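The values are calculated or read from the model by the stated rules, or taken from the named source; none is laboratory data. Treat the numbers as computed from the prediction; the structure is a model and nothing was measured. Please note: Cβ atoms are built from the backbone with ideal geometry, for glycine as well, and neighbour counts cover all protein chains shown.
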Amino acid sequence: TPLSGMAVLVRATSQMRAVEDALLQYGVAYRVIGGMRFYEREEIRDATAYIRLLVSKRDDMAFARVASKPRRGIGDAAMQTIREHAQAKSISCYEAAEDLLARKALRGTAKTGLERLFSLFDGWRGQTNDTPCADMLRLMLEQSGYMDMRRADKTPESDGRIENIQELIGEFKSKYENFEQYLEYVSLVMDNDATAMTGDCVSVMTLHAAKGLEFDVVFLPGWEEGLFPNKKSLDENGGKGLEEERRLAYVGITRAKKRVYISFAGSRFMYGQYQNNMPSRFIDEIPAEDIEMTNVSSGYGGGYGNSRGYGKSRGGGYGGDRYGWDDFDRYGDGWGRFSKTDRFGFDRYDAPDGDEYDGRERKSYGGGYNKDYTNRAYFIKKEKKTAAAKPVFPAGTTVWHEKYGRGTVVSASGKSTEVLFDDGATKKIMADYLEKA
């Protein structure tokens with residue numbers, strides 16, 4: 001399959017960072033559909049500007065961005081005065097502003113705002129040697145008022161921007177020893193011209209942006225409780241939110257013409273801290289007859305949701321002709337029983353009828369990894385089935401689909417149904433989403 005026939009679909013834009021990093025690491029061309037690359041996003045550029053100005057006072061572009069995010073009373077007239085003084089003295093804008101303050105050439109809100117800003121940077125520079133990068137970045141964004149500015153933003157994009165910043169902070173916990181390493185990496189990323197990636201490229205996008213598109217092969221990472229279904233959506237919208245999340249899962253699965261890979265990370269940085277995760281309930285809802293399971297994990301080796309990238313998540317990284325699964329009984333000691341409600345407070349989700357895992361004890365994440373864990377997953381192989389499952393809607397049945405309308409079943413096996421709709425389109429659809437017309 002050419003790269004143009006592949007897509008990675010994520011629930012949240014904050015997940016794109018790990019996907020993009022992995023694609024760049026392995027030299028795989030990609031393009032982001034329906035949005036910007038992670039490091040091009042406004043909030044990431046803002047956070048990076050704080051880092052750049054902390055590292056070097058001579059970064060004029062970073063100074064201009066930091067001076068206005070959030071607003072500090074430093075207007076256009078004051079900035080023009082600073083630029084002209086910098087040019088006349090052949091110094092940076094930061095140094096020019098310091099000199100103008102010393103000369104008492106700035107007054108009013110501009111003077112107050114700059115004095116406050118320089119006081120903050122002096123304090124931060126005194127802490128850089130003793131403070132981890134992740135904590136330093138969080139401290140700068142909080143003390144500067146930047147995060148308060150983002151929290152006060154009530155636009156639809158605000159939550160995603162905050163999640164992206166948290167994802168960036170999490171990246172520093174394991175990937176970079178200092179800010180210089182990060183700036184060097186970002187420079188390489190931005191030099192990789194995305195506009196040239198118009199040929200054979202992997203498409204990366206959110207599930208929302210994927211509606212109406214189809215690809216031969218689709219990767220669906222991050223299928224974990226709290227991330228997908230999204231915890232905030234469930235908290236705010238209850239049952240309606242869950243149904244909308246379930247529809248997104250359906251959108252993701254049905255974007256694939258030939259093959260789908262679903263994966264989850266056993267641990268990821270979310271909501272400002274590392275969290276152990278349970279697989280999404282939506283995986284449990286996939287009919288057993290449509291699952292071919294393989295295991296490609298080898299202990300805990302980084303993984304999607306971890307800064308080491310997509311593809312080696314502990315307890316994830318599985319696929320096959322349709323979907324993947326894994327065995328939760330072998331993750332080591334210290335794992336609590338999987339009770340009627342999980343740690344997010346959701347009702348336990350039951351496996352589909354006939355699921356070959358029914359009755360088997362499952363355990364939820366609670367810590368304590370087994371270092372000896374290797375490739376010991378249980379497998380479901382399609383070729384081992386001795387008889388084809390009886391179709392829910394036999395060929396010739398007239399059915400109705402909420403989106404595509406009326407159609408006639410062309411072929412079917414179990415819940416897998418191929419339907420010719422009245423508009424001439426042929427779709428492969430699970431019987432759960434059809435009703436007899």
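The table that follows gives values for the structure above.
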{"item": "Out of 248, 242, sole residue that is in a helix (DSSP H, G or I) and farther than 19 Å from residue 15 by Cβ", "result": "242"}
{"item": "Selection count, segment 199-216, where residues are in a loop (DSSP other than H, G, I, E, B) and farther than 24 Å from residue 229 by Cβ", "result": "3"}
{"item": "All positions within segment 5-28 that are touching a residue at least 12 places away in the same chain (Cβ under 8 Å) and surrounded by fewer than 16 Cβ atoms within 10 Å (Cβ to Cβ)", "result": "25, 28"}
{"item": "Candidate set: segment 415-437, residues that are aliphatic (A, V, I, L, M) and either in the same structural domain as residue 243 (by TED's automatic domain parsing) or assigned to a loop (DSSP other than H, G, I, E, B) (or both); chosen: the one nearest to the chain's Cα centre (by Cα)", "result": "434"}
{"item": "Lone qualifier among 385, 415, 428 - being at pLDDT below 80 and loosely packed, with under 13 Cβ neighbours inside 10 Å", "result": "385"}
{"item": "Tabulated pairs, segment 72-99, first at positive phi, second in a helix (DSSP H, G or I), C-beta under 7 angstrom, 6+ apart or interchain", "result": "73/109; 73/110; 73/112; 73/113"}
{"item": "Some residue of segment 9-16 being in a helix (DSSP H, G or I), of a type outside the set (Val, Ile, Thr), under 19 Å from the mean Cα position of the chain (by Cα) and at pLDDT 90 or above", "result": "no"}
{"item": "All positions within segment 167-182 that are crowded, with 17+ Cβ neighbours inside 10 Å and part of a helix (DSSP H, G or I)", "result": "167, 168, 169, 170, 171, 172, 179, 182"}
{"item": "Complete set of residues in segment 29-67 that are touching a residue at least 60 places away in the same chain (Cβ under 8 Å), over 23 Å from residue 90 (Cβ atoms) and either in contact with a strand residue (DSSP E or B) (Cβ under 9 Å, 6 or more places away or on another chain) or among the basic types (Lys, Arg) (or both)", "result": "29, 30, 31, 32, 33, 34, 35, 37, 38, 40, 41"}
{"item": "Unmet requirement for residue 98, which otherwise passes all of (1) within 23 Å of residue 178 (Cα to Cα); (2) more than 36 Å from the chain's Cα centre (by Cα)", "result": "(1)"}
{"item": "Residue tally, condition among the aromatic types (Phe, Trp, Tyr), in contact (Cβ under 8 Å) with a residue 60 or more places away in the chain and closer than 15 Å to residue 12 by Cα, over segment 251-286", "result": "2"}
{"item": "Filter result for residue 174 (small (Gly, Ala, Ser) and under 23 Å from the mean Cα position of the chain (by Cα))", "result": "yes"}
{"item": "Total residues in segment 106-128, condition surrounded by 15 or more Cβ atoms within 10 Å (Cβ to Cβ) and touching a Gly at 6+ places or on another chain (Cβ under 8 Å)", "result": "2"}
{"item": "Condition broken by residue 70, with the remaining ones in (1) farther than 18 Å from residue 139 by Cβ; (2) surrounded by fewer than 20 Cβ atoms within 10 Å (Cβ to Cβ) satisfied", "result": "(1)"}
{"item": "Residue identified as part of a strand (DSSP E or B) and surrounded by fewer than 19 Cβ atoms within 10 Å (Cβ to Cβ) among 232, 258", "result": "258"}
{"item": "Enumeration of residues in segment 30-50 that are surrounded by 15 or more Cβ atoms within 10 Å (Cβ to Cβ), assigned to a helix (DSSP H, G or I) and not hydroxyl-bearing (Ser, Thr, Tyr)", "result": "38, 43, 44, 45, 46, 47, 49"}
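Conditions tested, residue by residue: (1) at positive phi; (2) among the aliphatic types (A, V, I, L, M); (3) assigned to a loop (DSSP other than H, G, I, E, B).
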site	(1), (2), (3)
22	no, yes, no
28	no, yes, yes
52	no, no, no
61	no, yes, no
